[in-house]
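Report on the following structure.
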Amino acid sequence: MIARALAAAATLAVAAVLACAPAVAAQESGALPQGGSYVSAPDPTLGTASVGLWYRAPSDGYGSVSQPGLMRIAATAASSSKLVSGRSLSETVRDLGGRLYIEVFPDIVGVHAVVPAASARRVAAAMTAAYFAPSIDADALKNAQRDAAVLSVEQRYSPDETLHDLLFAQIFSGRPASVSPVPAGVPAITAIQLDAVTAFAKRAFRSSNALLVLTGNVDSSVLSGVTDGTGPGAMDQPVNSTLAGSPAPLTTATGAVTGLGLAWTGPPISDERSATALDFISDYLFRDDTGIVSRALESDDATFVDGQFVTLHDAGVMFVTISGKNTDAARKIVDAELTKMQTPLDAERFNAAREAFLYHLAGQTETPLEQGENLGWYSAEGNAAYAPFSSSGAYVQAARSLDPEFVASVARRYLSRPIVVQLGTVKPPKGSTS
């Protein structure tokens, strides 16, 4: 999932740059004293550090009634709740000159703070206190609801994000993947009450369900800042969703924007070689500016195409979103190029594309934040060793093992019959001035 699109480049030039890239840091992992685990990839040459927590949990709650956005609101509220120091985690990070990132997906959530290296221990203490011992009050909930309202509006006017959720709702018939992690509108946001948020936070964010991810200029002293926790226990199993048995090949939907989305069910994270092949295909075709499809549309500045394979514990998802003025013409290009991928590329083109793919991968795991997100995502999805930044080298080995025939066989197996969502806008009533 981390690696994105590419175009064929001169093999010798790409290989030379890749050879100069820094080596992957040796990683350390273990158990936290109050429950949970950690993984650390230190680089003492940097001036910054990333401190992150990752959890497995359903984004719409554990109960029989779905509450879209519950995990987003709970994660944000925990970060804005006052700690013993009188400052919240978000205030602490801001006062130290850092930035806080909260990333919520249907099945996992990640919280990262990027701060000056000297502040890493203090932030680790504040972050684990905020989540391992959440004390969420009405003010924190209001802050989280306001944040969710802004995200809801942003998503409403984003074709890519809207189509992503609609495609997932077609591919998966079961929660949580069939439900958007961002609540749709103010009524859904205000319907989430404090007692539900508190109960969810205590269950989902308990220390035994946590993975602490440390990257950048960090050392073992950072772990000494972790003093809260509920005690030893097993991390929850990965949260899988039920695939739709016979999803409709074409679905129409209305919203604030227009667009076209295509999606295919892919391999699970355990099928490393096939998952890497789909990463390679998305990189080769859809990488911004250099992907084959992107280059074919570079003269059309009114049409936008994005493609990516999302690596998940169970079935992954390959999706392509098209928005703008000329979606039909872009769809024809996408279909044609995906069909071509079912025939093996010639050896010279393939070798150049694979080297460029590895080069792009190295470029997308350079910063402490990128490294932390990388390790957190793949660990939470159930295959930590396969993380592209992992010192195990498993991902790079899988990429190196790709050959034209295998990539074509993966394209034929997974990318033949897309699920399609056509997104249109609702016309205002006749005579309306809105």
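Can you find a residue that is farther than 30 Å from GLY174 by Cα, of a type in the set (S, T, N, Q), not assigned by TED's automatic domain parsing to the domain that holds SER173 and not in a helix (DSSP H, G or I) anywhere in segment 319-339? Yes. Return the residues of segment 189-199 that are open to solvent by 10 Å² or more (accessible area, probe 1.4 Å) and touching a helix residue (DSSP H, G or I) at 6+ places or on another chain (Cβ under 6 Å); say none if nothing qualifies. Residue satisfying the conditions is LEU194 alone. Only a single criterion out of (1) closer than 21 Å to VAL396 by Cβ; (2) surrounded by fewer than 21 Cβ atoms within 10 Å (Cβ to Cβ); (3) touching a strand residue (DSSP E or B) at 6+ places or on another chain (Cβ under 7 Å) is not satisfied by GLN308, namely (2). Once segment 157-183 is narrowed to residues that are small (Gly, Ala, Ser) and part of a loop (DSSP other than H, G, I, E, B), the residue that is most open to solvent (accessible area, probe 1.4 Å) is SER173. Applying the condition of being assigned to a helix (DSSP H, G or I) and open to solvent by less than 40 Å² (accessible area, probe 1.4 Å) to segment 355-365 and asking which residue is nearest to ASP283 (Cα to Cα) yields PHE357. For ASP314, the conditions (1) touching a residue at least 60 places away in the same chain (Cβ under 8 Å); (2) open to solvent by less than 60 Å² (accessible area, probe 1.4 Å); (3) of a type in the set (Asp, Glu) are fulfilled apart from (2).
Residues to consider are VAL111, VAL84; find the one that is outside the structural domain of ILE322 (by TED's automatic domain parsing) and open to solvent by less than 20 Å² (accessible area, probe 1.4 Å). Give the derivation first.
Values: VAL84 fails: open to solvent by less than 20 Å² (accessible area, probe 1.4 Å).
Only one candidate passes the filter, namely VAL111.
Taking the stated definitions as given, is ALA149 open to solvent by less than 60 Å² (accessible area, probe 1.4 Å), within 30 Å of ILE322 (Cβ to Cβ), without any contact (Cβ under 8 Å) to a residue 40 or more places away in the chain and of a type in the set (A, V, I, L, M, F, W, C)? No. If you check VAL186, VAL239, VAL213 for being under 20 Å from the mean Cα position of the chain (by Cα), outside the structural domain of ASN383 (by TED's automatic domain parsing), open to solvent by 30 Å² or more (accessible area, probe 1.4 Å) and under 27 Å from ALA148 (Cβ atoms), only one passes: VAL239.
The values are calculated or read from the model by the stated rules, or taken from the named source; none is laboratory data. Because the structure is a prediction, the values reported are computed rather than measured. Using ideal geometry, Cβ is built from the backbone for each residue, glycine included, and neighbour counts are taken over all protein chains shown. Just so you know, the surface numbers come from the protein's heavy atoms only, side chains and all, with ligands and any DNA or RNA stripped out. Shrake-Rupley method; radii C 1.70, N 1.55, O 1.52, S 1.80 Å.
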